[in-house]
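In what follows, a structure is listed as structure tokens, so that the remarks can point back to it.
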Amino acid sequence: MRLNKRNKKYIFEGFRYSTLTIWLVIVGFPLFWIVGTSFKPDAEWFAWPPVYWSETPTLSNYANVWMGKEELTVTQYAQSMQKPWKALGNSTLVALVSTSLSVFFGAILAYGVSRYQVLTEARMFQLLMLRMVPPIVIVAPLSLHYSTLGLLDTHLGLILVYFLTTLPYAVWMTKSFIDEIPMEIEQAAEILGASKWRTIWEVVLPLARSGLVATFLFILILTWSEYLLALLLSKTEVVTLPVELSKYEGSTEGRVYGRQAALAVGITIPLIIIGIFIRKHLARGFSFGMVRR
Amino acid sequence: MAHIEFKNLRKEYGSTVAVKELNLEIDDGEFLVLVGPSGCGKTTTLRMIAGFEDPTIGEILMDGRVINELEPRDRNIGMVFQSHALFPHKTIYDNIEFGLRMKKIPAEERRIIVKEVAEMVHITPLLNKRPGQLSGGESQRVALARTLVTKPSTFLLDEPLSSLDAKLRRELRAEVDRLHTRLRTTFVYVTHDQEEAMTLADRIVVMNNGEIEQQGTPMDIYSNPKSYFVADFFGSPSMNLINGEIVEENNKLAFKNNQLKVQIPDHFSDKVSGKVTLGIRPEHVKIKSDGGEIQDVIDLVEPMGKDTLLYFKAGAERPFIVIIEGLVTNDFKSGQSVGLDFPDDKVFLFNEHGQRL
Amino acid sequence: MGSNNLAGTSVNSTREMTRARAIKRFKWITISPIVVIFLVVLMPALILQLYFSFFGWTVYLGSWLDAEFVGFEIFEEVLTDERLGWAVIRSLYFSFGSTVGCFLVGFGLALLMYRPFKGNAFYYIMFIIPMLTVPIVVAYTGEMLLYQNGPINGILSSLLGHDIKVSWLADADIALTTVMIMEIWNWTPFSFIIMIAGLASLPKEPQEAAQILGAGKFRVFFEIQLPLLRPVILLALILRFLEAMAEYPKIWSLFQGGPGSVTETIPVLIYLTTWNYFEISKGAAQSYVVMILMILIVLGAIWVLRREKTNLDQMYK
């Protein structure tokens, strides 16, 4: 077989599709498994050989987790912890508010940086790196400080922390979207008599809207899935979904795979939908100054 | 040196056809210009010669050999891109040297050739700089130098001057011309600028909608356009084209629109009739202060330095322009009525479908 | 006041002054709320942390102010503690391993996918899903898969013909590597997205020019594409590395630092010290040491990334 242009192309295509499909299986199998497990009745959770596809799928896991149908085993954990809807509410509230604050302040600050360099490049990088220090190093005194302030186990407390930790991403990502808007448009508005704030509100932000939405959704994903801070800064009131999931396994009945799977699927589906929705923007937002167009 | 041939070339992108049924021969050493509006298929054709696009149907031959299956690097070609495409992270010297390294030419020889080529395009002082530090004109010279070192048998140039300002464009155009004269290799040049085509080409191929509208020497194309499209495309300012219809009067055919009436020269067949477009180049219209075939009022006088342009309405949608040599703004004023003469041999007629009659 | 014009200097100066003032005002308005929140929320915590490092305190002591000043004693204890050293090593192993893994896979996928092809969108969507999966969910999914009677062992058994029951989660030798693989699964999309964006943003024409000049596909990749991708590559590596150093949910919920202490990374150690052993001061000192370590790493990262950005700015003017 001659190694000419056409043949090379076929070989490459074959290689590409097979490699991609391999990774597709690696990505897809865990997803398939957890969805499958969420429909499995108790008996199949730990079976050997493993049950790949249940012959007797059941909705009881979902019913139990999300509808609280089944009798709860009387263990200390089971009693107090099985409150997914409350956790859902907490997650939603905390995530939405902190993300809104983050994107709002972040975008305005980003505007200042983009147009007037209110922060130097050095500061911008320092801001980004601030997020990179592991939160574990500060959680302990933070929770003590919070308990003094009365912020422990409150929504506000969690919101403030999330606001600070996601702000660097908010600023960087929105800046890259604002950078794409030419100065001439603002100058045109200025000539027509608009004040700076009005220009930002009525001209710049609307034009950057799709990027802002994408940043918002991305940070929403981050706050929604955050675990450590939520775990240590909450006790019973502000339990978020990820923490709720981890408390599920603490019960003395041992692992309750099916139920956990049902909970996990519920947590993850909204995020996956959001992520797919904003996928085109993620690339643009993730450049951090390292990509030229 | 390379003789290139296209046989029934066709290029489709899904449902769009970029190039239809192209048959063309390019002679060894010829400077061929592919010219036409955006989207006409000229760049696609060039990229097919290079090997960056594969024809859907058809063959490309070089010196009698079918090269469809050859990789670009094996086709013995050189290419200059619209955006100069220099390697931004390498020095100018490294950029130029690149092709020689690919051919495994030893270091000493490489140095000599790079210096030579740099001299040829006058960029020797720039050798240690990087592309980011160069101006547009300098970058394109480097692009030329880079492609010269491999001594290809064919040069492909894809709108290399489009990103430059007018003055630089003229300078580099002359450079390209000089290069061709010196090297005598086949040049295939793509542009949308008719002036570039006219000045550089040995032969022009006018493309429109994926097809060849007309080909010929610049003289041919200019004085003998076969269609409305070609007539309109070449010439600056462009040919005057007025819509109207043929009427019969005293057994003679005349062209008439809502403002003027012109007798049709005898060399047109008796068969012309119906809606037609009359064409005459601005430099061919004769001004007569009295008399003349038709009368019209001057709309605008534009002094251009060497020439003066006179604008008329002539019942057309586009301004009707006449060029007069010299700065004659004193003799002609807006609002003045003058006579216009259309010499018989310079009048063109085009039918509703754009074909020349 | 900054105007270099000679003509009309006074008019320009006033306008420039007003402008400069307005910008300063803008700066203050936008930054102050953030600074205030920082000072109220985080600053005290940082100071408290420092306090505890020098004033020994455990929960049994009642009020904070009862703590005794102990000078550098606690720091000494922490810095000579082998356990901290091991935690650092484990964290580094975990972070390096998962970062390199994420990068190799992500880059590889990006190389195969950055040019359009049939089915592109489908693969792209599927490949970014792992990043959207909450890490704790990844942890539990991992457990369900790797549990002794789980499907991974099941598949291996089917393939090899006899029962294989690898103890992915309980075998001290491979536990850390197991969780590292989970991390790679979770975060490859991050590198993937960044690298695809980088590859797609590379101008096509220099690559074509190189091909015409005789370069083969590999040479074009190594000499023309890769050097221009360096900033993006470093970005992907650095960001992922730093986040991996802080990884907590997977390791804690699956292993709690075990079996033994093989998965005791830095976050796990600090957690244990503070919340299990209640040695607040020791935890505080450990936190400070780690914070300093991370800040040094971060400063290095900033230096690298800024240099790359400057480089890029020069190249593209």
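The values are calculated or read from the model by the stated rules, or taken from the named source; none is laboratory data. What you are looking at is a predicted structure, and each value in this text was computed from that prediction instead of being measured. A quick note on method: Cβ atoms are made from the backbone with ideal geometry, for glycine too, and the neighbour counts reach across all protein chains shown.
For this structure, a couple of remarks:
- Residue count for the stretch C:150-180 satisfying the condition of being buried (at least 17 other Cβ atoms within 10 Å of the Cβ), facing another protein chain (nearest Cβ under 10 Å) and either of a type in the set (A, V, I, L, M) or not in a helix (DSSP H, G or I) (or both): 2.
- With respect to the conditions (1) within 14 Å of another protein chain (Cβ to nearest Cβ); (2) in a loop (DSSP other than H, G, I, E, B); (3) acidic (Asp, Glu), A:GLU186 falls short on a single one, namely (2).
- Count of residues meeting criterion [within 23 Å of the chain's Cα centre (by Cα) and in contact (Cβ under 8 Å) with a residue 60 or more places away in the chain] in the stretch A:18-42: 3
- Whichever residue in the stretch C:123-138 is farther than 11 Å from C:TRP185 by Cα and touching a Leu at 6+ places or on another chain (Cβ under 9 Å) and, among such residues, is surrounded by the fewest Cβ atoms within 10 Å (Cβ to Cβ): C:MET126
- Every pair of residues 6+ apart whose Cβ atoms lie under 7 Å, when the first sits in the stretch B:36-51 and is surrounded by 20 or more Cβ atoms within 10 Å (Cβ to Cβ) while the second is modelled with pLDDT of 90 or more and polar (S, T, N, Q): B:GLY36/B:ASN208; B:CYS40/B:ASN208; B:CYS40/B:ASN209
Per-residue answers, yes or no, for (1) within 7 Å of another protein chain (Cβ to nearest Cβ); (2) touching a Lys or Arg at 6+ places or on another chain (Cβ under 8 Å); (3) surrounded by fewer than 19 Cβ atoms within 10 Å (Cβ to Cβ); (4) at positive phi:
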| position | (1), (2), (3), (4) |
| --- | --- |
| C:THR188 | no, no, no, no |
| C:ILE196 | yes, no, no, no |
| C:LEU202 | no, no, yes, no |
| C:PRO206 | yes, no, no, no |
| C:ALA209 | yes, yes, no, no |
| C:PHE218 | no, no, yes, no |
| C:PHE221 | no, no, yes, no |
| C:GLN225 | no, no, yes, no |
| C:LEU228 | yes, no, no, no |
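- Which listed residue is at pLDDT 85 or above, in contact with a Pro (Cβ under 9 Å, 6 or more places away or on another chain) and small (Gly, Ala, Ser), from B:GLY335, B:GLY339, B:GLY279: B:GLY279
- Residue list for the stretch C:122-179, restricted to those being among the polar types (S, T, N, Q) and over 16 Å from A:PRO30 (Cα atoms): C:SER157, C:SER158, C:SER167, C:THR177
Yes/no matrix, rows are residues, columns are (1) part of a helix (DSSP H, G or I); (2) in contact (Cβ under 8 Å) with a residue 24 or more places away in the chain:
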| residue | (1), (2) |
| --- | --- |
| C:THR188 | yes, yes |
| C:GLY214 | no, no |
| C:PRO227 | yes, no |
| C:VAL232 | yes, yes |
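One line per residue, one yes/no per condition, for (1) modelled with pLDDT of 90 or more; (2) among the polar types (S, T, N, Q):
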site	(1), (2)
B:THR45	yes, yes
B:ILE49	yes, no
B:THR56	yes, yes
B:GLU71	no, no
B:VAL80	yes, no
B:THR91	yes, yes
B:ASN95	yes, yes
B:PHE98	yes, no
B:VAL114	yes, no
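- Selection of helices (runs of 4 or more DSSP H) fully inside the stretch A:189-281 by the criterion of at least 2 residues being under 21 Å from A:LEU88 (Cβ atoms) returns A:209-225, A:228-232, A:241-248, A:257-277.
- Of the residues making up the stretch A:12-46, those that are closer than 16 Å to A:GLY266 by Cα and more than 8 Å from chain C (Cβ to nearest Cβ) are A:PHE32, A:VAL35, A:GLY36, A:SER38, A:PHE39, A:LYS40.
- Looking only at the stretch A:89-127, residues that are more than 10 Å from chain C (Cβ to nearest Cβ) and not in a helix (DSSP H, G or I) come to 1 in all.
- Test: residue in the stretch B:117-134 that is surrounded by fewer than 17 Cβ atoms within 10 Å (Cβ to Cβ) and under 27 Å from B:ILE49 (Cβ atoms): no
Matching residues to (1) farther than 19 Å from B:GLY235 by Cβ; (2) touching a helix residue (DSSP H, G or I) at 6+ places or on another chain (Cβ under 7 Å); (3) not in a loop (DSSP other than H, G, I, E, B); (4) not polar (S, T, N, Q):
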| site | (1), (2), (3), (4) |
| --- | --- |
| B:PHE255 | yes, no, yes, yes |
| B:VAL272 | yes, no, no, yes |
| B:PRO282 | no, no, no, yes |
| B:TYR311 | no, no, yes, yes |
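- Of the strands (runs of 3 or more DSSP E) lying entirely inside the stretch B:1-100, those containing at least 2 residues that are within 26 Å of the chain's Cα centre (by Cα) and within 14 Å of another protein chain (Cβ to nearest Cβ) are B:57-62, B:77-80.
- Filter result (in a helix (DSSP H, G or I), facing chain C (nearest Cβ under 10 Å) and surrounded by fewer than 20 Cβ atoms within 10 Å (Cβ to Cβ)) within the stretch A:128-155: A:LEU130, A:LEU144, A:THR148, A:LEU149
- Those helices (runs of 4 or more DSSP H) lying entirely in the stretch C:239-317 with at least 3 residues surrounded by 16 or more Cβ atoms within 10 Å (Cβ to Cβ), modelled with pLDDT of 90 or more and within 7 Å of chain A (Cβ to nearest Cβ): C:266-271, C:280-316
- All told, B:ILE4 meets the bar of being out of contact with any Gly (no Cβ under 6 Å at 6 or more places or on another chain) and either outside the structural domain of B:VAL142 (by TED's automatic domain parsing) or surrounded by 21 or more Cβ atoms within 10 Å (Cβ to Cβ) (or both).
- Scanning the stretch A:128-158 for residues that are out of contact with any Leu (no Cβ under 7 Å at 6 or more places or on another chain) and either outside the structural domain of A:ALA110 (by TED's automatic domain parsing) or under 30 Å from A:ARG284 (Cα atoms) (or both) yields a total of 6.
- The one condition from (1) of a type in the set (Val, Ile, Thr); (2) farther than 17 Å from C:ALA209 by Cα; (3) in contact (Cβ under 8 Å) with a residue 60 or more places away in the chain that B:VAL80 does not meet is (2).
- In this entry, A:PRO50 is excluded by the filter for residues that are within 17 Å of C:GLU143 (Cβ to Cβ), under 26 Å from the mean Cα position of the chain (by Cα) and within 11 Å of chain C (Cβ to nearest Cβ).
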